[in-house]
Amino acid sequence: MRAVSTADKASDLALPSTDQMNTMFDELFSSTGNTRAGTRPDYALTRRLVDQSLLRPSGFVFGPTQFGLADAAPWNMVFTATGRIEPTMMASELSACFQRPTQGETLWARATAESAGRRSVATTTRVWHDDPEYTPSSTAQSTYSMLF
């Protein structure tokens, strides 16, 4: 993995906690169903509980649900990569490759920072279900940019 660098020294960043991010997310975006499970400056783990409304008739999780989680995980990671909670951070590029169908009670996404700066963060995200082998069902590449 490449080293993540920021314009500020990583040791000087006052990193937002998962609780602070969950509070902001719950206040502004409570309808998504995504929950932050853990963050560090170089990665974020996000999860989504799966109910019947998120399943195709075959019992597999809808692709748009996976894509939404693949968008949420790096968005959460950006806050710790930049050292600030910035709700206006948005994806300037996001693409996903669906590798296999997925089933399960919990969908997980882990975003990893490939590079981070003051104005943008590039990430790779892997999505999987509650599989102990973490076999990805999809992989996404994204870049997030600060608006201000």
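Values computed for the structure shown
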read-out	value
Identity of the residue in the range 30-42, of a type outside the set (Gly, Ala, Ser) and within 23 Å of Ser137 (Cβ to Cβ), that ends up surrounded by the fewest Cβ atoms within 10 Å (Cβ to Cβ)	Thr32
Considering residues of the range 105-148 that are β-branched (Val, Ile, Thr) and out of contact with any His (no Cβ under 9 Å at 6 or more places or on another chain) only, the residue nearest to Val78 (Cα to Cα)	Val121
Qualifying residue in the range 124-137 (condition: over 12 Å from the mean Cα position of the chain (by Cα) and under 24 Å from Gln20 (Cβ atoms))	no
All positions within the range 49-100 that are in a loop (DSSP other than H, G, I, E, B), β-branched (Val, Ile, Thr) and either on the phi > 0 side of the Ramachandran plot or touching a helix residue (DSSP H, G or I) at 6+ places or on another chain (Cβ under 7 Å) (or both)	Ile85
Test set (1) within 16 Å of the chain's Cα centre (by Cα); (2) under 15 Å from Phe62 (Cα atoms) - Gln99 fails condition number	(1)
Filter pass, Ala70 being surrounded by 15 or more Cβ atoms within 10 Å (Cβ to Cβ) and at pLDDT 90 or above	yes
Condition met for Phe98 (surrounded by 14 or more Cβ atoms within 10 Å (Cβ to Cβ) and modelled with pLDDT of 90 or more)	yes
Test: Glu114 is closer than 20 Å to Arg40 by Cβ, assigned to a loop (DSSP other than H, G, I, E, B) and in contact (Cβ under 8 Å) with a residue 40 or more places away in the chain	no
Only listed residue being hydroxyl-bearing (Ser, Thr, Tyr), at pLDDT below 90 and buried (at least 17 other Cβ atoms within 10 Å of the Cβ), chosen from Thr88, Thr65, Thr80	Thr80
Any chance Glu133 is at pLDDT below 90 and outside any helix (DSSP H, G or I)	yes
The range 123-148 - residue that is touching a helix residue (DSSP H, G or I) at 6+ places or on another chain (Cβ under 7 Å) and not aliphatic (A, V, I, L, M) and, of those, nearest to Phe98 (Cα to Cα)	Ser138
Checklist (1) surrounded by 13 or more Cβ atoms within 10 Å (Cβ to Cβ); (2) modelled with pLDDT under 90 applied to Leu45, failing item	(2)
The lone exception for Pro74 - which of (1) touching a residue at least 60 places away in the same chain (Cβ under 8 Å); (2) farther than 11 Å from Ser142 by Cα it fails	(2)
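The values are calculated or read from the model by the stated rules, or taken from the named source; none is laboratory data. Here the structure is a predicted model, which is why all the values come from computation and not from measurement. Reconstructed Cβ throughout: ideal geometry from the backbone, glycine too, with neighbour counts over all protein chains shown.
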